[in-house]
Amino acid sequence: MRPLLNRLPIMETETLSSYLFRIYKKNYHDNPYGITDQPITKHELNANQIKEESCLELSILTGKEFLFQHSYLTLNVSKDKENVFFLKTRTKCCPICLDEQIHQSFTWGINLMNVCTKHQVFLLNECTSCKKIITINSIFKNECSGCDQILSEMVTESVTDHYILKSQKELAELLLGNKGRYLGLFEIEDLLIVLSAFAQLFHGFHSFTQKNAALYKIEYTNKIPIKEKGLVNLLADLYWMFQDFDNRFHVVLQSIYQPNLNRSNRRRKQNFESMIASSESMDFIFQAYQNFRLENYIRFMNVPKNITSFDKQASEYIDKNYLTKEQIKEKFPIVDSELDYLLKTSFFTECCLTNGRATYYLKDKTEKSLLAFLEVKRDRVTGLEAANLLGIHVRSVVELIKSEVLSYSPYMENDKSISKKQMQRLLDSLKPQKIKAAEDKITLARCFEKYSKSGISLSHIISFIKNNGLQAYTQKDPYKLSDLLFEPLDLAKIITEERIRLKGYNLSQVAHELGCNERIVLKYVKAGLLGDPVVEKLNNKAFAYRFDKECIELFKMTFCSIKQIKHEYKVSETLVRNAIYRGAIKNHLDGICRKTLISKWEFEKFRSKKKTSKTLNF
């Protein structure tokens, strides 16, 4: 066998049959039939199913290697699927490609391909005039075998949709060996099963990506189940869905889900289920579908008690993914009232699925919600428990809440519970100093006994520690409020200061401040020099004066005795008494007692006038 004289390069996307037609025509043969020692039948040539042994001999004739990769046999499609996947005796074509160069593209003889991705037009599979099928012989004659119309001059419909072009282009890349998988699948036969399965599922529904497309309709049972335009739309929809399978598959199933199916739709649904369960490589589709089916089984149907006897898979799914109300109470420390409260809240409503006969709770969401709720619940205690934790009486807890040192932190509606974290923050804020010996200290309980008549409360002592600088001590760590200790003198001083701040000076304190006895203070009151003190009733027989602190300070700044005037202004006592006698300055205790009390401002005014008079006389 002699090599052919005229050689041609083989196109990257060309079938082996097309190359053989072109090169033998270049060497003046009418066709490539019967020119090799290894017989290539007419059927094998038309169907581009040339064996590898024949390709070795053809390599010698053409001078080209790797010819076998242009044969459809490299796609490894099983015999029972060949008639579905390949066109065999006929082919499709793109008129624009033929106008550029007469050849047969690798994708034209495959049923799934219906778009020329290079020129973005639909492929022709029959003559536009007489509807005669197109064969490889027709392509190389460039005319229809029925009406002799020129194939390269025929008009075809353009394609602009993004999903159609992308789905066809990636499918072509898979067929040409440039892409490892398509729609998440590695095997072509699995792809055929997926197409047939979703054709069953989508029957009677609109396309998800093509707005004006006709409803999906199954036309055939022994080959690709829907026609070319429907197949193009189906591939586009599947390409769109598999781009974000976890979310979009659920959206697709939601849009086509029907709880009550007629017989034919139920049969098609069963066909879909059996098809996607037929291969391990489609297990991810099957599991996603089963999850959706079982979720909606519970949502839309009444789940009978004997479900285990007739739907084991649904029963196992329910046990794995759902809880009943009784199971929740068994698994979590929660009572009916708490569960009823949770069911009224928005965040727990999503966990609950209720139908006519039963209520189920999504396990994952329920556990997540309940763990968060129980964490809050563990942090809450009653007033009595809070009193035990703090080492105080429950009345003191109420007093702390009223004074806003603590506050209620309800974990349910109308619940009066207190947060343990809040109490711990209170204890931490007091910062007591750890000591060993406490003989000279006063305990918290002793504070209340000693100052019981002062009106002191626990909130006051806490305020003294935080705001007045009272140092607290303790011998224990961790400690309770009842473990606090204080310096007696420090505590007494702060209590006195606080009492003065709130109620003012008493008679004894005013006497001490003014450096006189209480009887003289009462004379000052009678003269109206200490403002209008408040008379506080102590009991039925006793009362006490309360003097405003500012009034006492103003008195100290304003009034003084003759002795103080003499010392401060360096004047004689005679000068001061003569001024009082002549009426130049006033004795504010005149007629009340024998003491003399003068206003500093009046005396300064008197001195100022006297100096002015001396200057004028001089």
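Brief remarks follow.
- Against the criterion of solvent-accessible heavy-atom surface with a 1.4 angstrom probe, Arg395, Arg181 sort, most first, into Arg395, Arg181.
- Here Lys434 is the anchor, and the lysines within straight C-alpha reach of less than 21 Å, apart from those fewer than 8 places off in the same chain, are Lys466, Lys476, Lys480.
- The chain: radius of gyration over Cα atoms, expressed as a fraction of 2.2 N^0.38 Å: 2.05
- Here Lys269 is the anchor, and the lysines within straight C-alpha reach of less than 29 Å, apart from those fewer than 8 places off in the same chain, are Lys79, Lys81, Lys166, Lys211, Lys217, Lys223, Lys227, Lys229, Lys305, Lys312, Lys320, Lys363.
- Expected-Rg normalisation [2.2 N^0.38 Å, Cα atoms] applied to the stretch 414-506: 1.16
- Reciprocal of mean inverse Cα separation for the stretch 562-609 (Kirkwood radius, Å): 10.8
- Remark: the stretch 146-199 carries a charge dipole of roughly 260 debye about the Cα centre, counting +1 on each Lys and Arg Cβ and -1 on each Asp and Glu Cβ.
- According to the Cα-based calculation, Rg over Rh for the stretch 192-238 is 0.91, with Rh computed by the Kirkwood formula.
- The stretch 35-101 - convex hull of the alpha-carbon atoms, volume per residue in Å³: 119
- The chain, helix-only ellipticity at 222 nm - DSSP H runs n ≥ 4, -39,500 (n - 2.57), divided by all residues, nearest 500: -15000 deg cm²/dmol
- Dimensionless Rg/Rh of the stretch 194-293 - Kirkwood Rh, Rg from C-alpha atoms: 0.92
- Whole-Å distance, taken between Cα centres, linking the stretch 543-618 and the stretch 380-436: 57
- Kirkwood Rh (inverse of mean 1/r, distinct Cα pairs), the stretch 452-540, angstrom: 15.7
- Using θ = phi - 60° in the Karplus curve 6.51 cos²θ - 1.76 cosθ + 1.60, the 3J(HN,Hα) couplings for the stretch 367-384 round to 4, 4, 5, 5, 4, 5, 5, 5, 5, 5, 4, 4, 7, 9, 9, 7, x, 5 Hz; x is entered for Gly and Pro.
- Calculated from backbone phi, Karplus (6.51, -1.76, 1.60) coupling profile of the stretch 180-197 in Hz, x at Gly/Pro: x, 8, 9, 6, x, 10, 9, 9, 5, 5, 5, 5, 4, 5, 4, 4, 5, 5
- Compactness of the stretch 85-227, taken as the C-alpha radius of gyration over 2.2 N^0.38 Å, stands at 1.09.
- Approximating the spin labels as points 7 Å out from Cα along Cα→Cβ, the Asp244-to-Glu518 distance works out to 8.7 nm.
- Over the stretch 509-618, all Cα pairs binned in 10 Å intervals from 0 give whole-percent P(r) values of 12, 39, 29, 12, 6, 1, 0, listed from short to long.
- According to the Cα-based calculation, Rg over Rh for the stretch 528-587 is 1.20, with Rh computed by the Kirkwood formula.
- Shape call, the stretch 157-226: gyration tensor on alpha carbons, a/c limit 1.5: oblate
- The dipole here belongs to the stretch 109-159: it is taken about the Cα centre, uses +1 on the Cβ of Lys and Arg and -1 on the Cβ of Asp and Glu, and is about 120 debye.
- Spherically averaged projected area of the stretch 229-282 from its Cα convex hull (nm²): 4.7
- Selected from Leu4, Leu323, Thr156, residue furthest toward positive end of dipole (the chain; charges at beta carbon): Leu323
- Subtracting the Cα-Cα distance of Arg181 and Thr324 from 0.36 nm times their residue separation leaves 47.2 nm of extension gain.
- Amide H to amide H, with H built 1.01 Å from N, Leu484 comes under 5 Å of Leu444, counting only residues 5 or more places away or on other chains.
- Rounded accessible area of Trp108 (nearest 10 Å², 1.4 Å probe): 10
- Distance histogram in 5 Å bins (all Cα pairs of the stretch 496-551, percent per bin): 5, 20, 30, 27, 15, 4, 0
- In the chain, taking the dipole from charged Cβ atoms about the Cα centre, the farthest positive-side position among Ile60, Ile495, Leu171 is held by Ile495.
The values are calculated or read from the model by the stated rules, or taken from the named source; none is laboratory data. A quick note: this is a predicted structure, and the numbers were derived from the prediction, not measured. So basically every Cβ, Gly included, is an ideal-geometry build from the backbone, and we count neighbours across all protein chains shown. To get the accessible areas, we keep the full protein, side chains included, count just its heavy atoms, and leave off ligands, DNA and RNA. Shrake-Rupley method; radii C 1.70, N 1.55, O 1.52, S 1.80 Å.
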